[in-house]
Amino acid sequence: MNKLENSVQYLKGIGPKKANLLNKIGIRTIEDIIYHFPRAYEDRRNLKKISALENGEKANLRVVICGAPRKYRPQRNMSIIKLPAKDETGFIYLTWFNQDYIISNINIGDIININGRVKKIGNQIEMQNPEYEKYEESGKKIGRIVPIYQLTEKLSNNELTKIVEYTLANYLDYTIDVIPQNIIDELELFSFNEAIKNIHFPKDRVSYKKAKERLVFEELLLLQLGLLIIKRKNTVNNKGIMFSKNDETQKLIELLPYKLTSAQIRVFNEISMDMESPKQMNRLVQGDVGSGKTIIAVLSMLKAYNSGFQSVMMAPTEILATQHYESVNALFDKFNINCQLLTSNITGKKRMEILREIEKGEIHVIIGTHAVLQENVNFHKLGLAITDEQHRFGVRQRATLSLKGNNPDILVMTATPIPRTLALILYGDLEVSIIDELPAGRKKIKTYIASGEMKKRVYSFIREQIKKGRQAYIVCPLIEESDSIKAQSANELYEILKSSSLSDLRLGLLHGQMKAAEKDSIMTKFKSGEIDILVSTTVIEVGVNVPNANIMLIENAERFGLAQLHQLRGRVGRGNYQSYCILINESKSKIAKERMYIMEKTNDGFVIAEKDLQIRGPGEFFGTRQHGLPELKIANLFSDINTLKIAQSIAFRLLESDPSLSSNNNKMIKERILKLFNKESQMISFN
Ligand code: ADP
Ligand code: MG
């Protein structure tokens with residue numbers, strides 16, 4: 001067994017208690033310690049002179065102890081040790097609280113390095129609770145760049161630094177450099193060991209940069225290679241279905257109450273060509289909210305039906321699945337297609353019946369939530385698998401869906417636009433089609449920022465619009481992940497509005513914890529205009545389509561991501577009415593204001609996504625975990641974009657010259673990828 005995979009308890013001085021603390025910050029194995037990179041650094045190389053000290057600054061000094069310690073007891077449970085020290089420019093008092101052992105550790109005449117905050121009282125200079133090291137161990141804590149780690153209660157930075165130091169000294173030799181030597185030479189990279197040493201304990205700024213560069217490169221290279229391998233598996237190996245050119249899609253297009261935009265026509269043509277080709281389709285359709293992605297899915301499903309195949313379309317929420325089901329069913333009216341809804345709330349006999357009919361092929365189109373992924377959903381002849389709002393699903397879920405058929409064509413749809421280089425990472429395994437045009441006649445949504453105090457005016461504005469026959473959404477503040485807390489906050493807001501400001505209007509409440517039937521009935525009422533205002537959590541964030549609603553009011557908008565606000569805003573502006581988005585910003589912070597300003601200024605999802613990336617970083621933006629990709633420990637997909645480009649070109653080259661990464665040079669990198677993508681291993685294989 002690999003020594004590095006041993007529990008941290010194997011390390012000297014780490015018992016179960018300390019191991020527990022380490023577990024709390026995600027450190028379980030010895031290897032985890034090596035990969036627990038500092039979150040910041042403190043430069044303690046500069047030794048100052050006492051005469052140059054300024055009040056309040058943090059400084060490093062080298063001093064000699066020049067007098068006996070004095071001990072005070074100002075309170076029963078408090079002791080103070082005070083030691084006089086000096087350098088050639090002046091005197092300083094070092095004081096420690098409740099650390100009596102200092103007396104026996106430091107003696108008159110000792111030379112020590114200290115680090116701490118300077119306090120000037122009158123013309124006396126003091127440093128309280130400084131860190132110190134004896135001159136003979138000089139350069140351990142002071143006189144060098146020290147790492148600052150992410151910590152947990154009862155685990156000090158000092159302690160963790162020592163653990164890291166010990167681990168590097170004793171285990172670094174067991175690590176393996178997975179990057180082939182010729183690439184290291186070509187890019188003039190640090191070796192793995194050099195990089196690890198310098199990321200924890202940088203010799204200087206240059207070494208730190210080289211260390212980081214190497215580790216970022218490695219992380220991105222592994223990620224990109226893994227994704228390319230998945231993609232190859234999808235496209236090269238898989239012979240797909242050849243759907244017939246003969247279909248009724250033109251007939252459906254002519255039945256629509258509107259004309260398709262030229263972008264929609266182009267994208268559907270791309271899909272048609274994929275479907276008719278003998279290769280398996282793996283296509284991403286990217287189009288801003290309201291660009292009309294649903295009809296593209298519907299046309300594709302009709303095409304599959306015309307060739308005698310079943311289709312499935314998966315949506316992230318029950319509300320959206322239900323809405324899709326209703327609109328799709330209406331469109332299929334003239335086509336003899338049996339289309340059914342499947343969510344986890346359809347149970348008992350009804351469910352059994354649906355499952356049986358799917359298996360027999362009597363149901364042609366199934367629309368649903370995650371429920372369609374369940375093992376007991378067996379298709380008779382699945383030809384097309386569609387995921388709507390792909391950014392809400394993981395790579396793995398998409399794969400599971402496609403495994404329900406014999407190489408069905410895959411179509412995924414998303415409104416979250418991303419720069420091209422990043423698309424290659426996140427959707428590295430997909431071809432991309434873009435709907436870059438909104439249907440004609442859409443009015444630009446007017447966006448306003450308001451503070452909490454302006455709510456009265458906002459409400460009277462909403463009232464006016466409702467008098468004119470329109471409807472509104474009010475989205476309640478975003479609270480931590482828990483569904484039940486979200487529900488509670490929606491509930492409270494609903495009760496408040498109902499009994500005060502908006503008591504004369506017909507209000508409805510919607511949140512994720514309601515029963516499916518309740519949700520359905522509320523959405524139906526809202527659609528039919530029996531409810532004026534829908535008070536809701538973010539369950540309405542994606543997909544929901546009620547063209548008569550023209551106001552989107554978002555409470556505490558500063559707590560949402562920009563991409564999310566844009567999605568929410570996309571719930572209005574879907575009809576011919578002038579629509580409004582009102583963002584209540586309760587924060588005074590500059591960043592919050594800047595973010596709200598971006599929303600006010602632009603309706604372009606692409607611009608918004610890029611700003612969001614810049615401000616929040618991609619971790620939060622994409623939620624890599626959701627994508628089922630390995631977590632990035634050091635690389636940042638946005639700020640490390642240049643390294644990403646290099647990693648991409650190296651990845652392409654490696655796979656071209658050695659597709660199965662089986663040469664001696666590449667063996668290690670292959671092993672590492674398999675380990676990293678372990679959880680997705682059903683998707684990674686090298687043959
Ligand atoms: P999204 O891309 O956000 O999923 P939808 O597919 O829900 O958008 O479409 C939004 C609305 O626009 C729907 O009411 C749909 O019927 C309508 N729509 C789609 N395409 C067109 C078009 N070419 N012209 C006019 N309206 C359209
Ligand atoms: Mg949609």
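Each value in this text was obtained by applying a stated rule to the coordinates, not by laboratory testing. Source: prediction; values computed, not measured. Because the Cβ atoms are built from the backbone with ideal geometry, glycine has one as well, and the counts that use them run over all protein chains shown.
Among the GluC sites (Glu not before Pro) in segment 103-158, those located in a DSSP loop and surrounded by at most 14 other Cβ atoms within 10 Å of their own Cβ are 153.
Annotation: amide H-H contacts under 5 Å for residue 293 (H modelled 1.01 Å from N, sequence separation of 5 or more, or interchain): none. Residue separation of residue 129 and residue 436 scaled by 0.36 nm, minus their Cα-Cα distance, works out to 104.4 nm of gained length. The sum of -39500 (n - 2.57) across all DSSP H runs of n ≥ 4, divided by the residue count of the chain, sets its helix-only mean residue ellipticity at 222 nm to -11500 deg cm²/dmol. A straight chain from residue 351 to residue 77 at 0.36 nm per residue would run longer than the Cα-Cα distance by 91.7 nm. Here the 3J(HN,Hα) profile of segment 261-268, calculated from phi with Karplus coefficients 6.51, -1.76 and 1.60 at θ = phi - 60°, is 6, 5, 5, 4, 4, 4, 5, 5 Hz, Gly and Pro shown as x.
Per-residue counts of other Cβ atoms within 10 Å, averaged by peptide: what ranking do you get for 604-610, 312-318, highest first?
312-318, 604-610
If each Cα of segment 539-587 is one equal point scatterer, what is log10 of I(q)/I(0) from the Debye formula at q = 0.18, 0.20, 0.25, 0.28 Å⁻¹? Taking Cα atoms of segment 539-587 as identical point scatterers yields -0.52, -0.63, -0.91, -1.07.
Sorted from greatest to least, the principal axis extents spanned by the alpha carbons of segment 117-204 come out as 63, 28, 26 Å. Under a 5 Å amide H cut-off, with hydrogens placed 1.01 Å from N, residue 639 pairs with nothing among residues at least 5 apart or on other chains. Measuring r between the beta carbons of residue 525 and residue 266 and using R0 = 51 Å, the FRET efficiency lands at 0.85. When the P(r) of the chain is calculated, the portion above 48 Å amounts to 32% of the C-alpha pairs.
Fewest Cβ neighbours within 10 Å first, please rank 597, 101, 580 accordingly.
101, 597, 580
For the chain, the relative contact order comes to 12 percent (Cα pairs under 8 Å, sequence separation of at least 6). Ordering 37, 190 by the number of other Cβ atoms within 10 Å of each residue's own Cβ, fewest first, gives 37, 190. What's the center-to-center distance, using Cα atoms, between segment 118-167 and segment 1-24 in Å? When both Cα centres are located, 24 Å separates them.
What the phi angles of segment 557-574 give under the Karplus curve with 6.51, -1.76 and 1.60, with θ = phi - 60°, is a coupling list of 4, 5, 8, 9, x, 4, 4, 5, 4, 5, 4, 4, 4, x, 6, 10, x, 9 Hz, glycine and proline written as x. Kirkwood radius for segment 1-148, taken over all pairs of different Cα atoms as the inverse mean of 1/r, rounds to 17.6 Å.
Around the amide H of residue 552, modelled in the peptide plane, lie the amide H atoms of 473, 580, 581, 582, all under 5 Å away and 5 or more residues distant in sequence or on another chain. Projected label points at residue 181 and residue 10, each 7 Å from Cα along the beta carbon direction, are separated by 2.7 nanometres.
Give me the Debye-computed log₁₀ of I(q)/I(0) at q = 0.23 Å⁻¹ for segment 430-560, equal point scatterers on Cα only, no solvent, two decimals. Log-scaled intensity ratios, in q order: -1.58. Computed from backbone phi, the HN-Hα couplings of segment 362-375 come to 7, 8, 9, 10, 10, 10, x, 9, 3, 3, 6, 7, 4, 4 Hz, rounded to whole numbers (Karplus: 6.51 cos²θ - 1.76 cosθ + 1.60, θ = phi - 60°; Gly and Pro given as x).
Which number do you get for Rg(Cα) / (2.2 N^0.38 Å) in segment 243-369?
Output field value: 1.07.
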